[in-house]
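Inspection log for the structure reproduced underneath, given as structure tokens.
Readers should treat all values here as calculations from the given coordinates under stated rules, not as data from a laboratory. Note that the structure is predicted; figures quoted are calculated from it, not measured. Don't worry about glycine lacking a Cβ; one is built from the backbone with ideal geometry, like all the others, and counts go over all protein chains shown.
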Amino acid sequence: MADTSRAKQFMPFAALRGYYDMIQAKNRVVEPKKEIVADEAERLSDKLNQVKKNMMVRVRYYQTDAYVNIEGIVTRIDPEFRYLTIVKTKIPFDDIIDVSGDGIVENK
């Protein structure tokens, strides 16, 4: 028996294709999106106004069904279309709940 044929017989076999992905999706806890109040919105707006291109930031935002944290360099800020791009991740302003980083001062 050739080595390549012999290796194929020991490859993993999944009898139920997609079953384990379905189980993981079912076990995932869906977190509802929080609505921010006016005071928080103003505080967040002040922080977003301080963000500049090429600045290292940490952003907490809502993605699909849970809150996610991302840290990286801001590659684009588009106030007209209301989104922030960190490396290659495009984040709408409406999904952002917190922004922090060097040079961002929280006004109280």
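General observations
- Among residues of the stretch 23-48, those that are in a loop (DSSP other than H, G, I, E, B) and under 20 Å from the mean Cα position of the chain (by Cα), counted: 9
- Residue in the stretch 78-98 that is among the aliphatic types (A, V, I, L, M), within 27 Å of V30 (Cα to Cα) and in contact with a Lys or Arg (Cβ under 6 Å, 6 or more places away or on another chain) present: yes
- All positions within the stretch 34-49 that are under 14 Å from F93 (Cβ atoms) and without any contact (Cβ under 8 Å) to a residue 60 or more places away in the chain: E40, A41, E42, L44, S45, K47, L48, N49
- Within the option set R43, R76, being more than 16 Å from G103 (Cα to Cα) and of a type in the set (D, E, K, R) holds for one residue only, R76.
- Selection of the stretch 53-75 for residues being of a type outside the set (S, T, Y), surrounded by 12 or more Cβ atoms within 10 Å (Cβ to Cβ) and farther than 20 Å from I36 by Cβ yields M55, M56, E71, G72, I73, V74.
- The stretch 51-66 residues that are under 16 Å from P92 (Cβ atoms), paired with ones that are among the small types (G, A, S) (beta carbon under 6 Å, 6 or more apart): V57/G101
- Subset of the stretch 67-84 (residues that are among the β-branched types (V, I, T) and within 13 Å of K52 (Cβ to Cβ)): I73, V74, T75, I77
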